[in-house]
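Please read the structure below before turning to the comments.
The values are calculated or read from the model by the stated rules, or taken from the named source; none is laboratory data. For clarity, every value in this text was computed on a predicted model and none was experimentally measured. Here Cβ is always computed from backbone atoms with ideal geometry, including for glycine, and neighbour counts include all displayed protein chains. Each accessible area value is taken on the protein alone, full model and side chains, heavy atoms only, with ligands, DNA and RNA left out. Shrake-Rupley method; radii C 1.70, N 1.55, O 1.52, S 1.80 Å.
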Amino acid sequence: YERHGKPWQAGAFVALVAVKPHLLYLLWLALAVWCWRRRRWTELLAAAGVMIAGTALAMLFDVTVVRQYARSMVADGPIWWYTPTLGGALRAWLGPEHIWLQFAPMLLGSGWLALRLQQVRAWRWATEAPLLVLISVITAAYGWTFDQAVILVAIFEAAERLAGMLRQRSAIVLMITAVGL
């Protein structure tokens, strides 16, 4: 939708990223920078509107849903759990009391994004989003094994590029290696 000049629809679809904000934090950061550079906030406003509407819909069924969510995040939030992430591995290795280690990989991911934003002249979401998703998931502070399904965005992009260069020997070798792993 963004490519076709339909910012409200693009922003509405961005709201889907809110389902896993901890996992796709780089998409939110990239979107904020992208909107700031363009001085256009339509996509963010549309995403916020859809998220507010979704929250309001959930509150029709249970008015305490937001309070319950906030209480669960404070009392027994995921930062207290060991999750299969780089940050979780660092905490397991260096000590569970070092909660800040859970967030250390996010600094690396954010630094990578800052460099990427400087390198790319014409930002195209269709080509940048899969890599953003991959790096974001790899460096997320917490997540669960079933969350890894969002990496399919990057896998589909890689498969499409690989199919485009299928006749090249390097692509065939890469495919054979990947299947062998």
Full extension between ARG161 and ALA89 adds, at 0.36 nm per residue less the Cα distance, a length in nm of 22.7 nm
Quick one: compute the contact order of region 50-149, relative version, from alpha carbon pairs under 8 angstrom and 6+ residues apart, as a percent. 34
Scattering from the C-alpha atoms of region 54-148 alone, worked out with Debye: what is log10 I(q)/I(0) at q = 0.13, 0.23 1/Å? -0.64, -1.06
Rounded D (µm²/s) - region 1-91, Kirkwood Rh over Cα pairs, Stokes-Einstein at 37 °C, 0.692 mPa s: 216
Taking a probe of 1.4 Å and leaving out DNA, RNA and ligands, region 1-112 shows per residue an accessible area in Å² of 64
Give the carbon-plus-sulfur fraction of the accessible surface of region 25-178 in %, rounded to a whole number; probe 1.4 Å, heavy atoms of protein chains only. 72
Report the relative contact order of the chain, percent, no decimals, based on alpha-carbon pairs under 8 angstrom and at least 6 residues apart. 25
Labelled set [x] 1.01; [y] 0.96; [z] 1.48; Rg/Rh (Cα atoms, Kirkwood Rh) computed from this model equals the value at [x]
How do ASP147, ASP76, ASP62 stack up against each other in accessible area, from largest to smallest, with a 1.4 angstrom probe? ASP76, ASP62, ASP147
Express in Å², to the nearest 10, the accessible area of TRP34 obtained by rolling a 1.4 Å probe over the protein heavy atoms while all chains stay in place. 30
At a Förster distance of 22 Å, what's the computed FRET efficiency of ALA56 paired with ALA18, Cβ-Cβ distance as r, to 0.05? 0.95
Note the full-extension length gain between TYR1 and TRP36 as 0.36 nm times their separation in residues minus their Cα-Cα distance, in nm to one decimal. 10.7 nm
